[in-house]
Amino acid sequence: MSKSEQVQNILAGASVLPPDQRAAYLDAACGKDVALRAEVASLLRSLDEAGSFLSAPTADASEARTANSSAATVDELSREHAGQMIGRYKLLQPIGEGGFGSVWMAEQREPVKRLVALKIIKLGMDTRQVVARFEQERQALAMMDHPNIARVLDAGATEVGRPYFVMDLVKGDPIATYCDKNNLSIEDRLNLFRQVCEAVQHAHTKGIIHRDIKPSNVLVSTQDGKPSAKVIDFGIAKATQNNLTDKTFYTEYQQLIGTPEYMSPEQAEGSLDIDTRTDVYSLGVMLYQLLTGSTPFDGKELRSAAYGEIQRIIREVDPPKPSTRISESADTIASVAAKRQTEPKRLGAFVRGELDWIVMKAMEKDRSRRYETANGLAMDIQRFLSGEAVVAAPVSRAYQLRKFIRRNKGTVTAAVLIATAILVGAAASTAGFIHARRQRDVAIAAETRARSESERATTAEAKAVAEAQSATTISDFLASMLGGVGPEVALGRDTALLRSILEKTEDRVGKELADQPLVAGRMLRIVADVYNQLAAIDKADANARRALELIKSAPGDNRVEIARATHDLGTALESQGKYTEAKAKFEEAFDLYVAAGAGESGNAVSALSAIGGVLFRTRNFSGAETSFRKVLDARRRLANNEDSANLASSLDRLAVLLSYGKNEYAESETLQREALAMRRRLYGELHPEVALGLSNLAANLGSQGRFDDAIEFNKQSIDQHRKLFGERHPRTAQAMASYAKNLDRSGRPAEAIAMRRLVVEINIESVGAGHRETLDSRFNLGWAMDAAKDYAGAEEQYRAMLEWARINYKSPDHRTAGVIMLVAATVNNQGRHADAEALYREALELFILTRPTGHSSIAEARNALADCLVTQNRPAEAEPLLLAVERDSRLENVPPPDRAAAATRLASFYTDWDKAEPARGYDAKATEWKMKSETTQPATKDQIPGK
Amino acid sequence: MNAAASGDKAAADRLLPLVYEQLRKAAQLGLVGERADHTLSATALVHEAYLKLVGSREIPWANRAHFYAAAAEAMRQILLDHAKARARDKRGGTQGQPMAWANFASVADLAATEDSQEIVSFDSALRRLEDESADAARVVQFRFYAGLSVEQTALTMGVSDRTVNRLWTFARAWLHRAVREREQKD
């Protein structure tokens, strides 16, 4: 035994002895060891003087005092007995035993003789703190004066140090018991409940929050033939410092204190910020019980739940609505109904609807959605009783999603949640949210396991899959977050942090899951998906590739998984505008599905749809249409008359194709409306798919000339996009682009231009100046400005496009030439003819190099150059150009009208030249060409005069 | 250390920065507040952090030891940071101090103390206690900083309740003496 241990033991022994016995004890224990004795004595002194130093590390101060005794606890030693005096109160008889302690009927002698209730709080609370806190409230409590509130009269501490409270002695039964005993009808219960609400409201106006509202704290007695409720224990919960997180749920070692069934989510969290709405929640629970006969969360289940589970349940699980509970409790329903003077069916019907809403509104997890005041609750009940409309509104699906996100967002930032899900037990969490997100993977993993070669991989996978069965909260949240709505929405656009976490994840997956390539691959697929939603396309690509590699390298037959990863890579490529490669990947994926025997599966159909998408983008409309119609048929079959997200999606895609590619608007509109309605049913109002659907419908209507309707939809779409993705997201930009188009068409060009400017800005910011999307938007803006005669503006846009083209298209390229033409035209229109001329020449050269002879773009360039020269008074230089155009127009591959046009052009050219320089014979030529233009026939090769 | 325990240590090490952050944030709510009824509880903080970060799976007590040790360490660090920050904020010296020193019952009280020097003194006293009796210091770590009860501490440390009480009594006496001696010197 070390010196220190010796000291400790002796100290422990001495400290429980009364002072007069200590000296002897020390003598005996220390013997001749003077130093030892001095040390212990010094520590003893220090201990005596310590006072409150370290006296209450948790709220169980008394444990320090019960240092040595394991047999008799101080608790037992100080049990109260009848006849005992506590303060100036004499204990008469015990009334009840609760979680906090015991309640006695007592007699007050001074200053006035009366009976009171005395509640003694069990040892285990720091008396000083309790009494001190109660003192703080005392003033406010004293000012409470309400017929339905039992007053707290006094407070103190017993000799042993137990706090007690003195209250009005209230006779009566707990409210739930009373109602059942007397078979009160629902109306009667509601009226009684209103009394309770009014009492609570009164207290709230005095600044007192009860914090522990439950049936046993509401005592009801019959007064003058009518039930009268009294709420007791105001101020006590706060004073006794509900240390809820450890005390309440810690069932293993202490009796359960506190009542989790009635506890509000914020209390369950141990939040420091409790307000009146906490009481509203508890009132809601009470109302629930009065209506249905049971609490929303089963008390037994709660109490037996695992450590920490209780909080989760209260915070996150949605209990069944009262009417649902009524219909579910088949065995007890008869008695429950009988106690409410009604029959089971009628009870359910009565409660369903408005009473449901009222109860659920009071019990909202998010307290800003509850009734603000107990009064609000009471009034809604009043409205219900008198047949008026209630304020509580039904909960819609979209709201639920938002609520879920907000609920979890507030507590810990989602970024941290992801981090922890990823960092803590990587395999388990991974399987966890993959399970939630792609349930098929589990089945596939099972198959894989059966055929797996590597034992170790199998065991690890099996373990991960088993863990997946009990997907954790974090995983569920992540799944729902990643499932439908983009991360920016859930995270409030905290993308910088999210990105850094994703990066760390990539890292860790590489290190920690090196031996589990399948799991690692799945992980990275999700990471890639998140990047995609963040519009970080390079990262998405890198991760999709890596994921595919990993999954390919995993042992066993993972063809379907590989196919999915291949599909993902295709998506990443498509986002980068690499359409050919993307299509190849999609086709590869489809083939893999077929090879794996999953050719009819939803996955395969998706691949088919993706192929169609790429065909569409590359303007192969008939190919795309074939694909999309196949996909639509397949999905209708799979959906089997139910709403399906995929079906809606294919309706949409076909519709867009028909409008855009083939201008068939009527069928398209029908399809789009069907898709939109389906999505609204599936997702509620606020959802990316719905937002997109609105945009597409707007585009369609715009094409049909129904501008007012179209613009209405455009506005809705933009509004939704803003809410979902933010102001500066490419998808919002797309919605704006659609709007701009309709503005243009309906004759509001200025607004259209303003909108298109914004679109360009957003695209540059989000997908970068080099993305096709940005280019497209620049083009649209330039075009619009051109039309509005803002040539300088148009020039700016076209030049930016040209810059891009020069970098990205290997010279010579006709596309670059095309852009040069655009720039040239705007330059020309601004009167800078010399500059325009240079540009036209360049374009012409490029066209000649890259286009077949006779191609319209060569002609166009020549014509434009010619015009430009004429404007600069150099018709002699223009002449050969126009003649060349005419000559080429007689080639076989040129449409006849072009030839006539070329001739007409020459005619008017010579006419103008004649006016400028008369008597040179130009008028004759003009006439000649005029005649030719009227009788033009396409030339054969033999008739072409020598070049 | 066997594999399981070391695995958990690794987990705790990974967790520590997150735990620290979480505790810091929660601590900021409570520590800096001058609200009359702030009921900061070390236990609540630590349990809250633990629950949020690890989830609600049942984990045997012995494995939580590492977490709690980490959390307690983090708590301690927070307090020290807090003290240093307070000291910085105060211009000039700290003469004329209130008479009631070494009066803090719990970590919340310590955190709310007027004299940030108290925190520093306590911390250095605790370090000296570590030399004197490592076990006693651990009990302080668990009970005071992490807010565990006697039973919880006993389970975590793998000893009996009686032992925990003995160590706690000793620690309390020792620390009080150490802090008083320090105060008297200054």
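The values are calculated or read from the model by the stated rules, or taken from the named source; none is laboratory data. Computed from a predicted model, the values in this text were never measured in an experiment. Here the Cβ positions follow ideal geometry from the backbone for every residue, glycine too, while neighbour counts run over all protein chains shown. For accessibility, only protein heavy atoms count, side chains too; no ligands or nucleic acids. Shrake-Rupley method; radii C 1.70, N 1.55, O 1.52, S 1.80 Å.
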Packing-based ranking, highest mean first, of A:690-697, A:39-46, B:130-137 given that Cβ atoms within 10 Å are counted
A:690-697, A:39-46, B:130-137
What's the percent breakdown of Cα-Cα distances in region A:335-379 across 10 Å bins, shortest bin first?
26, 37, 29, 8
Residue separation between residue A:142 and residue A:107 times 0.36 nm, minus their alpha-carbon distance, gives in nm 10.6 nm
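Where does the charge balance sit around residue A:813 when Lys and Arg score +1, Asp and Glu -1, over other residues with C-beta under 11 Å from its C-beta? The partial results should precede the final answer.
On the way: positive: A:806, A:810, A:815, A:851; negative: none.
Once positives and negatives cancel, what remains is +4.
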Heavy-atom accessible surface that A and B bury in contact, both chains counted, 1.4 Å, Å² to 100:
5300
Computed lengthening from residue A:750 to residue A:646, 0.36 nm per intervening residue step minus Cα-Cα distance
33.6 nm
Where labels lie 7 Å past Cα in the beta-carbon direction, separation of residue A:334 and residue A:811 in nm:
9.4
In region A:738-800, which trypsin sites (Lys or Arg not before Pro) fall in coil by DSSP and have 15 or fewer other Cβ atoms within 10 Å?
A:789
Assign one of three labels to region A:718-786, namely rounded, prolate or oblate, based on the Cα gyration tensor with a ≥ b ≥ c the square roots of its eigenvalues; rounded applies when a/c is under 1.5, prolate when it is not and a/b is larger than b/c, and oblate otherwise.
oblate
Kindly sort B:175, A:849 by accessible area of their heavy atoms, largest first, with the probe set to 1.4 Å.
A:849, B:175
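Arrange the residues A:343, A:667 by how much accessible surface each exposes, largest first, with a 1.4 angstrom probe. Please report the intermediate quantities before stating the final value.
Working: A:343 105, A:667 75 Å².
My answer, sorted largest first, is A:343, A:667.
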Alpha-carbon Debye profile of region A:541-619, log10 I(q)/I(0) at 0.21 Å⁻¹
-0.86
FRET efficiency for residue A:318 and residue A:391, using Cβ-Cβ distance with R0 set to 22 Å, rounded to 0.05:
0.60
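Per-residue mean of other chain beta-carbon atoms within 10 angstrom of the beta-carbon, peptide B:149-160?
Details: counts 11, 8, 6, 5, 2, 0, 2, 0, 0, 0, 0, 1.
For peptide B:149-160, the averaged partner shielding equals 3.
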Just to confirm my numbers, what's the Cα centroid distance between region A:815-862 and region A:319-388 in Å?
76
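Quote the FRET efficiency, to the nearest 0.05, computed for residue A:273 versus residue A:382 with a Förster distance R0 of 25 Å and r equal to the Cβ-Cβ distance.
Details: r = 30 Å, r/R0 = 1.20.
About 0.25, to the nearest 0.05.
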With just the Cα atoms defining each centre, how far is region A:1-35 from region A:874-899? Give it in Å.
119
Step through the table entries A:715/A:789; A:181/A:230; A:206/A:321, compare each Cα-Cα distance with 24 Å, and write down the pairs that go over it.
A:715/A:789; A:206/A:321
Between region A:724-769 and region A:578-619, how far is it from one alpha carbon centroid to the other, in angstrom?
30
If you count only protein heavy atoms and use a 1.4 Å probe, how large is the accessible surface of residue A:862, to the nearest 10 Å²?
40
Surface accessible to a 1.4 Å probe, residue B:159 within the full protein complex, Å²
50
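Residue B:84 to residue A:49: FRET efficiency via 1/(1 + (r/R0)^6), r the Cβ-Cβ distance, R0 35 Å, to the nearest 0.05?
Working: r = 29 Å, r/R0 = 0.83.
The calculated FRET efficiency here is 0.75.
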Extended-chain gain in nm, criterion 0.36 nm per residue less alpha-carbon gap, residue A:181 and residue A:341:
56.4 nm
Give me Rg over Rh for region A:825-878, both radii from the alpha carbons and Rh done the Kirkwood way, two decimal places.
0.99
